[in-house]
1. Could you give me the residue pairs with C-beta distances under 9 Å whose first residue belongs to the range 157-171 and is under 16 Å from residue 105 (Cα atoms), whose second residue is of a type in the set (Lys, Arg) wherever it lies, and which are 6+ apart or on separate chains?
2. How about the range 115-156: which of its residues are farther than 17 Å from residue 77 by Cα, touching a Lys or Arg at 6+ places or on another chain (Cβ under 7 Å) and modelled with pLDDT of 95 or more?
3. Within the range 73-115, how many residues are acidic (Asp, Glu), within 21 Å of residue 58 (Cβ to Cβ) and within 16 Å of ligand 2 (Cβ to nearest atom)?
4. Search the range 137-162 for residues being under 16 Å from the mean Cα position of the chain (by Cα) and not in a loop (DSSP other than H, G, I, E, B), and hand back the single one that is surrounded by the fewest Cβ atoms within 10 Å (Cβ to Cβ).
5. Give just the number: which of (1) without any contact (Cβ under 8 Å) to a residue 40 or more places away in the chain; (2) surrounded by 15 or more Cβ atoms within 10 Å (Cβ to Cβ); (3) of a type outside the set (Gly, Ala, Ser) does residue 16 not satisfy?
6. Taking into account only those residues within the range 145-157 that are in contact with a Phe, Trp or Tyr (Cβ under 9 Å, 6 or more places away or on another chain) and not aliphatic (A, V, I, L, M), which is nearest to ligand 2 (Cβ to nearest atom)?
7. Return yes or no: is residue 96 touching a strand residue (DSSP E or B) at 6+ places or on another chain (Cβ under 6 Å), in contact (Cβ under 8 Å) with a residue 24 or more places away in the chain, under 12 Å from residue 32 (Cβ atoms) and not aliphatic (A, V, I, L, M)?
8. Taking the range 20-64 as the search range and keeping residues that are more than 28 Å from residue 4 (Cβ to Cβ) and small (Gly, Ala, Ser), which one is surrounded by the most Cβ atoms within 10 Å (Cβ to Cβ)?
Amino acid sequence: MRAYWYDNKPGDQREPHDSGREVSEETLAKLGVFYRHCPTIEQVDKIAVERGYKNRDQLIVSPEAMGAIYEDKVKMFFAEHLHEDEEIRYIRDGEGYFDVRGVDDEWIRIALEKDDLIVLPAGIYHRFTTNDKNYVQAMRLFQDEPKWTALNRGADVDANPHRKTYLDTII
Ligand code: KMT
Ligand code: NI
């Protein structure tokens, strides 16, 4: 895992967009974003039990696995959105970027690789993309039934109670 401020320069979303300014794990924790390196599935199981996660699935994001819809999927994951539930993602193979909004609404890019696990709190605006290798295998963990409605950013979602609750936790 490596986190840094996104450079906001034009170019493909899959490029690193590395400003060279690092973001610490402590800064991420203040946003409610938790990172754990989990070389064994037992460590993931433990976190799942502690946080009451009952379900999981596994997803391969690549042109080989998805075929013609790959490019559309990658664009869809990159639309800024939030969820009304906490989100856990565990990278089983390959690499990917999760971008999250910092306190001043600037993008932080979190580069994840195999065995990296991330917890994103409910209500945080974020987006996801593969990198230039176009391959990631991710486990998605669900507290209850696998329902991952993405609410794309807009005035209505800014007013969502889960968004407001989240903002109260970081100020
Ligand atoms: C999300 O919520 O943005 C996603 O689940 C992206 C795919 S997980 C690699
Ligand atoms: Ni999401």
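1. What qualifies is 157/163; 158/164; 170/30.
2. 117
3. Residues that pass the stated criteria total 3.
4. Per the criteria, the residue is 152.
5. Of everything listed in (1) without any contact (Cβ under 8 Å) to a residue 40 or more places away in the chain; (2) surrounded by 15 or more Cβ atoms within 10 Å (Cβ to Cβ); (3) of a type outside the set (Gly, Ala, Ser), residue 16 misses just condition (1).
6. 148
7. So residue 96 does not fit the description; no.
8. The residue in question is 48.
The values are calculated or read from the model by the stated rules, or taken from the named source; none is laboratory data. These numbers come from a predicted model, not from an experiment. Note that each Cβ is placed from the backbone with ideal geometry, even for glycine, and that neighbours are counted across all protein chains shown.
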